[in-house]
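Coordinate-derived values only; no laboratory data. Because the structure is a prediction, the values reported are computed rather than measured. Using ideal geometry, Cβ is built from the backbone for each residue, glycine included, and neighbour counts are taken over all protein chains shown.
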Amino acid sequence: MSETEVLDIARDGMMVMLLVAAPMLLVGLVVGLAISIFQTLTHIQEMTLTFIPKIVSVFGAMVIFLPWMLRELTEFTQRIMDKIVALG
């Protein structure tokens with residue numbers, strides 16, 4: 001296995017990692033920003049007000065995007081397995 005193949009596998013792995021994590025991170029970011037704006041406007045500084053909605057929204061995003069995430073991870077694993085078989 002050459003250096004370029006190793007770099008391609010590492011780059012592909014990082015891209016899949018970013019793609020799989022992005023939906024939940026973006027949902028958490030948007031919900032956190034909305035709650036922060038709400039807290040700023042109402043002067044309510046309660047920690048559970050930020051914590052609970054973010055957990056629920058990230059969990060909801062995970063449930064919604066789970067089939068797509070599983071497909072992406074399965075395709076990545078299949079690509080890696082094909083490369084392993086090609087070496088042998």
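Taking segment 38-54 as the range and being in contact with a helix residue (DSSP H, G or I) (Cβ under 9 Å, 6 or more places away or on another chain), among the hydrophobic types (A, V, I, L, M, F, W, C) and closer than 27 Å to A21 by Cα as the test, the residues that pass are F38, L49. Applying the condition of being touching a residue at least 60 places away in the same chain (Cβ under 8 Å) and surrounded by 11 or more Cβ atoms within 10 Å (Cβ to Cβ) to segment 44-88 and asking which residue is nearest to the chain's Cα centre (by Cα) yields F76.
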